[in-house]
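Input: a single structure, listed below in structure tokens.
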Amino acid sequence: MDVSIVSPEEKVWQGEADRVVARSPEGEFAILRGHIPFLAALVPGRVAVVSGDDRKEFFVPGGFLEASGSMDDYHVIILADDAEDIAGIDLEDARKRYEEAQRRRQEDADDRSEAMMRIEMARVEIAESRGQ
């Protein structure tokens, strides 16, 4: 199936895959070729694109996933606020961003600063899970 990950600024990744794994507010889910048409909001976290033994993982701070098509022409589009290859996340940088988001949240105490803090916390957790 054809998979595209796009942000407002760029096409982050496009290629063929056997499976896409992501997380919505209801929990983690996987999309395989021929899945029923599907639309989901994405929460901050990993999106994995799997093809055979190859696995690419991206961090998305939020967005939407749409899956549709027929068995012969199936596609998944991830419309993300941003997307970053997980291999490129630096743990120290992620921790600094998280600390800054926490400071802003304490100063502003609004929904947007709370959301930014959650995004940065997810980025740190992903970087830590890579064993850095």
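The values are calculated or read from the model by the stated rules, or taken from the named source; none is laboratory data. What you see is a predicted model; the values in this text were computed from it and never measured. Cβ coordinates were reconstructed from backbone atoms using ideal geometry, including for glycine residues, and neighbour counts include every protein chain displayed.
Odds and ends about this structure:
- Answer residue from the range 50-62, given it is in contact (Cβ under 8 Å) with a residue 12 or more places away in the chain and over 19 Å from A127 (Cβ atoms) and is surrounded by the most Cβ atoms within 10 Å (Cβ to Cβ) among those: V50
- Some residue of the range 63-77 being assigned by TED's automatic domain parsing to the domain that holds R19, over 21 Å from G15 (Cβ atoms) and touching a residue at least 40 places away in the same chain (Cβ under 8 Å): no
- Considering residues of the range 33-56 that are under 11 Å from the mean Cα position of the chain (by Cα) and of a type outside the set (K, R) only, the residue nearest to D73 (Cα to Cα): V49
- Qualifying positions in the range 5-31 - loosely packed, with under 15 Cβ neighbours inside 10 Å and either among the β-branched types (V, I, T) or part of a strand (DSSP E or B) (or both): K11, Q14, G15, E16, G27, E28, A30
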